[in-house]
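A.B. asks: Structure below; questions to follow.
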Amino acid sequence: MDAFRIISCPIEATPEQAARIEATLRSFARACNYVALRGKQEKVSAKRKLQKLCYYDVRERFGLSANLAIAAIQRVSVAVKTSGTREVSFRPKSADYDARTFSFRERDWSVSLTLLGGRERFPLRIGTWQRDALTGTEPRSAVLCKKSNGRYYVDIRLRREQPPKQEGAGTLGVDMGVKNIAVTSTGTIYSSEALNAYRLERHRVRKSLQSKAAKGTRSSTRRNCRKALARLSGKERRRCKEENHVISRRIVREAKAGGLTIVLEDLTGIRDRTNQRLRRSQRGLHNRWSFHQLRQFIEYKAADAGVPVIVIDPRYTSQTCARCYCIGKRRGDSFHCPNCGHNDHSDKNAAKVIAAVGGAMSRPERSAVYCVWHGAEGKVEISRLQTGEA
Ligand SMILES: [Zn+2]
């Protein structure tokens with residue numbers, strides 16, 4: 001997992017400073033494009049080779065300081081390696097800074113940055129959250145960027161300090177789904193009802209705008225619809241992100257308080273697997289809910305809090321009985337086990353199964369897990385999963 005966190009800080013710049021920032025961003029982007037072109041011509045992408053090839057050129061042509069020139073070369077090298085066959089190109093939106101070109105001063109909440117023609121100091125326009133995060137730190141790298149609102153930011157990179165993981169035998173299973181975004185094995189339900197209603201409404205608005213954008217008689221109508229669509233998608237994304245933050249924060253807090261290990265399902269590829277089982281009206285919703293994002297949020301918040309997280313295979317967790325580990329029947333919200341007669345809310349039952357599987361995985365030396373798989377014509381069944389003391 002990423003061992004850094006980014007603290008995004010708007011900076012205050014006078015018009016003269018803004019002009020110098022613009023000039024620096026332009027030079028940095030032009031330098032990157034130049035390095036990418038030379039690299040392509042000479043068929044090199046390794047940082048060291050690119051550096052040998054064009055370091056002096058870059059400094060002379062674009063007036064960048066030594067470390068900014070190296071940062072440009074580094075950026076190209078990374079971009080080329082991750083771009084595959086795509087052509088890389090750079091826009092004057094950001095530049096990378098290291099400990100030689102950037103420094104942070106807590107005394108007056110300011111940063112100093114190397115720009116074209118010298119160093120400049122900028123006050124940060126930040127609130128309590130950023131100040132708390134930056135207090136007592138010595139950040140060694142940052143990215144100067146111009147965001148789409150036209151303002152300048154310094155995204156400060158902080159090395160994450162991860163507290164030692166707590167030791168505990170208990171687990172907190174988390175079941176994720178369409179109707180309830182998350183349900184924990186302790187019975188907490190994070191319902192998606194309100195959000196789903198909101199998103200269905202958005203979906204309807206979007207559909208109507210899309211058809212107008214495609215069939216509008218005037219080009220200005222079509223253009224306005226496209227603009228409105230772009231605005232909406234940003235709004236919806238932010239709302240979902242906020243919700244994922246809230247849910248993940250609560251789950252981590254609960255695990256921390258109880259000294260529990262969080263157990264999540266690995267939902268990679270959930271779109272392919274579940275789509276056939278969903279009603280048409282649910283499909284769009286499911287596809288757009290970012291379970292991946294929720295998992296990421298839980299993982300990094302847990303790491304910050306010293307809460308361990310384990311990820312398990314999601315197959316059969318929703319059909320298995322949490323009491324006897326036989327395959328039971330799930331109908332809507334309710335789960336029934338014909339073997340032992342256990343009845344429960346279906347998502348809570350699934351969360352408990354997830355917790356049990358995770359518990360068996362996290363302390364294999366103290367538990368016996370018997371997982372007998374009856375594989376016949378693709379039909380697999382967990383017949384017994386026992387998590388007692390060995
Ligand atoms: Zn049962």
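The numbers here are math on the coordinates, done by the rules we state, and not lab data. Remember, it's a predicted structure, so these values are computed and weren't measured experimentally. Cβ sites come from the backbone with ideal geometry, for glycine too, and all protein chains shown count toward neighbours.
A.B. asks: State the extension gain, in nm to one decimal, for the chain segment bounded by Lys227 and Asp304, taking 0.36 nm per residue of separation less the distance between their alpha-carbons.
C.D. replies: 23.9 nm
A.B. asks: For Leu172, what residues show an amide H to amide H distance below 5 Å, using hydrogens built from the backbone and excluding near sequence neighbours?
C.D. replies: For Leu172, whose amide H was placed from the backbone, the distant partners under 5 Å are Thr261, Ile262, Val263.
A.B. asks: Which entries in the list Lys301/Lys329; Lys179/Lys329; Lys81/Lys301 go over 25 Å, if you measure between the two C-alpha atoms of each? Don't jump to the answer; show the numbers that get you there.
C.D. replies: Numbers: Lys301/Lys329 35 Å; Lys179/Lys329 18 Å; Lys81/Lys301 30 Å.
Flagged as over cut-off: Lys301/Lys329; Lys81/Lys301.
A.B. asks: Of the trypsin sites (Lys or Arg not before Pro) in the range 173-242, which ones lie in a loop per DSSP and count no more than 13 other C-beta atoms within 10 Å?
C.D. replies: Arg218
A.B. asks: With θ set to phi - 60°, apply the Karplus curve 6.51 cos²θ - 1.76 cosθ + 1.60 along the range 98-109 and write out the HN-Hα couplings as whole Hz, x wherever there is a Gly or Pro.
C.D. replies: Result, ordered by residue: 10, 5, 7, 10, 9, 8, 10, 10, 6, 3, 10, 6 Hz.
A.B. asks: Same structure, new question: Out of all DSSP beta bridges in the range 76-130, what portion is antiparallel? Express it as a percent rounded to 5.
C.D. replies: Details: 10 of 10 bridges.
For the range 76-130, the DSSP antiparallel bridge percentage is about 100.
A.B. asks: Here's something else I'd like to know. Cut-off under 19 Å on the C-alpha distance; same-chain residues fewer than 8 positions from Lys235 excluded. Which lysines are left, in chain and number order?
C.D. replies: Answer for Lys235, where 19 Å is the Cα cut-off: Lys147, Lys207, Lys227, listed by chain and number.
A.B. asks: Determine ³J(HN,Hα), in whole Hz, for all residues of the range 303-309 in sequence, where each value follows from phi through the Karplus function 6.51 cos²θ - 1.76 cosθ + 1.60 and θ = phi - 60°; x replaces Gly and Pro.
C.D. replies: Computed from phi, the couplings for the range 303-309 are 4, 4, 8, x, 9, x, 10 Hz.
A.B. asks: Moving on. Tell me which residues come under 5 Å, amide H to amide H, from Ile312 once H is placed; ignore anything under 5 positions away on its chain.
C.D. replies: Leu264, Glu265, Asp266
A.B. asks: Could you compute the FRET efficiency for Ser220 and Ala133, with r as their C-beta to C-beta distance and R0 at 45 Å, rounded to 0.05?
C.D. replies: Given R0 = 45 Å and the Cβ-Cβ separation, E is 0.50.
A.B. asks: Which far-off residues, 5 or more places away or on another chain, put their amide H under 5 Å from the one on Arg160, with H placed in the peptide plane?
C.D. replies: Amide H neighbours of Arg160, under 5 Å, 5+ apart: Phe4, Arg5.
A.B. asks: Also, quick follow-up: Could you give each residue of the range 338-355 its phi-based ³J(HN,Hα) in whole Hz, using Karplus coefficients 6.51, -1.76, 1.60 with θ = phi - 60°, and x for Gly or Pro?
C.D. replies: Computed from phi, the couplings for the range 338-355 are x, 6, 10, x, 5, 10, 7, 5, 5, 6, 5, 4, 4, 4, 5, 5, 4, 4 Hz.
A.B. asks: Just how far, in whole angstrom, is the range 1-67 from the range 193-245 if you go by their alpha carbon centroids?
C.D. replies: With the range 193-245 and the range 1-67 each reduced to a Cα centre, they are spaced 36 Å.
A.B. asks: Continuing with this model, one more query. For Thr186 and Ser89, FRET efficiency with R0 = 51 Å and r from the beta-carbon atoms, rounded to 0.05?
C.D. replies: Between Ser89 and Thr186 the formula returns 0.50.
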